[in-house]
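The values are calculated or read from the model by the stated rules, or taken from the named source; none is laboratory data. Since we're looking at a predicted model, the values are computed, not measured. Reconstructed Cβ throughout: ideal geometry from the backbone, glycine too, with neighbour counts over all protein chains shown. For accessibility, only protein heavy atoms count, side chains too; no ligands or nucleic acids. Shrake-Rupley method; radii C 1.70, N 1.55, O 1.52, S 1.80 Å.
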Amino acid sequence: MIRKLMILSAVLFYGSVAFSQEVKNDVDGTKTKMDAFVSKTGTITKFVDTKLPNLRTSLGGFATTRIRKLTSGSTSAYFYQIVKGGSYGSNTASIEYSDLGEIINALKLLKSEVDKDIASKPDYLENKFITVDGFQIGYYISNEKPTWYIKLESYGSDNTIYLKSGDDIEVPFIEAKAKIEELKKE
């Protein structure tokens, strides 16, 4: 009897080991472009900020903006950063230079669609663009009024900025792209 219990226990133990799944912690899969650049080990990383005008919100507040140049070894990258102070700290969006062109094109498309969306008189409608890093721009329509927004980070609270119009988003992005191009020439 004891022998049968030992054999049964061994079969159950080895069976559970054979069919168990390995849990992978895929932290690298969720890294933003900024995180990937600054997490390089074995090199010195330098941050240089260039301030840009504040981004005025529709609620009377503002978010600070800047260009951050990162240099790691002989490689440099440029990010447009939008920082919104919150109750429990600040939220920062870091938009890589190559993504700025995509965002500007998406904004032009969104701006061209907003009037048609308002005319359709939806109960609620949301139209947005999301980058690979989780940064969002767009608008929602409720009571036949559009509300433009920028969502700085994919997760967390107090990370959304509301603006009066699509132009209030587009102009700072165009200026940021031009400033990065100027800095790249230096």
### Query
How big, in percent, is the set of alpha carbon pairs in segment 31-103 lying more than 21 Å apart?
32 percent
### Query
If you take the square roots of the eigenvalues of the alpha-carbon gyration tensor of segment 70-125 and sort them as a ≥ b ≥ c, do you get rounded (a/c under 1.5), prolate (a/b over b/c) or oblate?
oblate
### Task
Determine the distance separating the Cα centre of segment 129-159 from the Cα centre of segment 72-111; give it in Å without decimals.
14 Å
### Task
Determine the gain in length on full extension of the stretch Ala178-Thr50; use 0.36 nm per residue of separation and subtract their C-alpha separation, reporting nm with one decimal.
44.8 nm
### Summary
The local net charge around Lys145, scoring Lys/Arg +1 and Asp/Glu -1 for residues other than Lys145 whose Cβ lies under 14 Å from its Cβ, equals -3
### Task
Compare Val171, Val132, Val83 by solvent-accessible area with a 1.4 Å probe and give them largest first, with all protein chains kept in place.
Val132, Val171, Val83
### Task
State to the nearest 20 debye the size of the charge dipole of segment 131-186 about its Cα centre, where the only charges are +1 on K and R beta carbons and -1 on D and E beta carbons.
40 debye
### Task
Roll a 1.4 Å probe over the protein heavy atoms and report the accessible area of Phe129 in Å², nearest 10.
50 Å²
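First check a/c for segment 36-186, with a ≥ b ≥ c the square roots of the eigenvalues of its C-alpha gyration tensor; if it is under 1.5, answer rounded, and if not, answer prolate when a/b is larger than b/c or oblate otherwise.
The shape class here is prolate.
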### Query
Given the pairs Lys33/Lys84; Lys51/Lys121; Lys31/Lys145, which span a C-alpha to C-alpha distance of over 30 angstrom in this model?
Lys51/Lys121; Lys31/Lys145
